[in-house]
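K.L.:
Sharing a structure with you now.
The values are calculated or read from the model by the stated rules, or taken from the named source; none is laboratory data. This one's a predicted model, so the numbers in the text were calculated from it and none came from an experiment. Cβ coordinates were reconstructed from backbone atoms using ideal geometry, including for glycine residues, and neighbour counts include every protein chain displayed. Areas reflect the complete protein model, heavy atoms only, side chains present, ligands, DNA and RNA absent. Shrake-Rupley method; radii C 1.70, N 1.55, O 1.52, S 1.80 Å.
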Amino acid sequence: MTSSINTGRRNLFRRKKSNAIRPPWSKVEESFVEICTRCDKCITACETNIIIRGDGGFPELNFKHDECTFCQQCVDVCPEAAFNDTQQAPWSYLAQIQETCLVNQNIWCQSCKDACEASAIKFTMTLGKPPTPEILSDQCTACGACVAPCPANAISITLPKI
């Protein structure tokens with residue numbers, strides 16, 4: 001009986017794993033949430049207004065209306081040490097195309113390609129079908145520019161599958 005009570009208490013204080021996308025150059029999740037004071041300065045400083053107050057009040061990105069320009073203002077305004085050196089890559093996320101893409105419904109659409117400044121989305125022509133999109137992982141910055149214009153909400157920013 002005692003061991004189940006101890007296990008229950010331990011689980012009570014355990015943090016659930018977050019799938020939130022933190023601002024670029026954020027430290028690893030455990031360090032970030034430990035250091036971040038939730039002061040909202042990064043939210044206010046974001047030039048594209050994609051940093052929002054997320055679960056637990058911690059900043060996270062929402063690409064539904066705009067993209068990350070990697071302006072570094074969130075890093076510069078942070079009074080804590082919640083971010084890594086900006087000389088490093090901002091993160092290891094990539095854009096990913098879901099099954100709901102209009103191409104899978106035989107509809108020609110290239111709104112994601114048109115929005116991608118990095119030219120990280122390639123379309124392959126197929127006989128009798130609309131061109132099929134592919135994310136070029138070596139070029140994708142995961143800025144999220146392709147997310148908002150997608151009429152099918154078929155693009156998400158995620159960690160790459162290993």
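K.L.:
How many residues are part of a loop (DSSP other than H, G, I, E, B) and in contact (Cβ under 8 Å) with a residue 40 or more places away in the chain when one looks only at the stretch 94-149?
P.N.:
15
K.L.:
Scan the stretch 69-87 for residues that are among the hydrophobic types (A, V, I, L, M, F, W, C) and under 24 Å from A115 (Cβ atoms) and jot them down.
P.N.:
Of everything in the stretch 69-87, those that are among the hydrophobic types (A, V, I, L, M, F, W, C) and under 24 Å from A115 (Cβ atoms) turn out to be F70, C71, C74.
K.L.:
Still on this model: Quick one: in the stretch 6-37, of everything that is open to solvent by less than 100 Å² (accessible area, probe 1.4 Å) and over 21 Å from P90 (Cβ atoms), which residue is modelled with the highest pLDDT?
P.N.:
T37
K.L.:
Could you tell me which residue of the stretch 137-151 is farthest from the chain's Cα centre (by Cα), considering only residues that are open to solvent by 50 Å² or more (accessible area, probe 1.4 Å) and within 23 Å of T48 (Cα to Cα)?
P.N.:
P151
K.L.:
In the stretch 108-127, what residues are open to solvent by 70 Å² or more (accessible area, probe 1.4 Å) and more than 17 Å from P24 (Cβ to Cβ)?
P.N.:
W108, K113, D114, S119, K122, M125, L127
K.L.:
Select, from K113, K64, K41, the only residue that is charged (D, E, K, R), out of contact with any Cys (no Cβ under 9 Å at 6 or more places or on another chain) and at negative phi.
P.N.:
K64
K.L.:
Tell me whether the stretch 129-136 contains one or more residues that are at pLDDT 95 or above, open to solvent by 40 Å² or more (accessible area, probe 1.4 Å) and either in contact with a Leu (Cβ under 8 Å, 6 or more places away or on another chain) or of a type in the set (A, V, I, L, M, F, W, C) (or both).
P.N.:
no
K.L.:
Return the residue satisfying two criteria in turn: it lies in the stretch 89-107 and is under 17 Å from the mean Cα position of the chain (by Cα) and not aromatic (F, W, Y), and of such residues it is surrounded by the fewest Cβ atoms within 10 Å (Cβ to Cβ).
P.N.:
S92
K.L.:
Step by step: first the residues of the stretch 45-67, then only those that are part of a loop (DSSP other than H, G, I, E, B) and among the charged types (D, E, K, R), then the one that is nearest to N153 (Cα to Cα). Which residue is that?
P.N.:
Among them, the one singled out is K64.
K.L.:
For the subset of the stretch 41-59 comprising residues that are in contact with a strand residue (DSSP E or B) (Cβ under 6 Å, 6 or more places away or on another chain) and not hydrophobic (A, V, I, L, M, F, W, C), which member is surrounded by the fewest Cβ atoms within 10 Å (Cβ to Cβ)?
P.N.:
G54
K.L.:
Just the residues that are out of contact with any helix residue (DSSP H, G or I) (no Cβ under 8 Å at 6 or more places or on another chain) and closer than 13 Å to F83 by Cα, please, taken from the stretch 30-59.
P.N.:
E30, S31, F32, E34, I35, C36, T37
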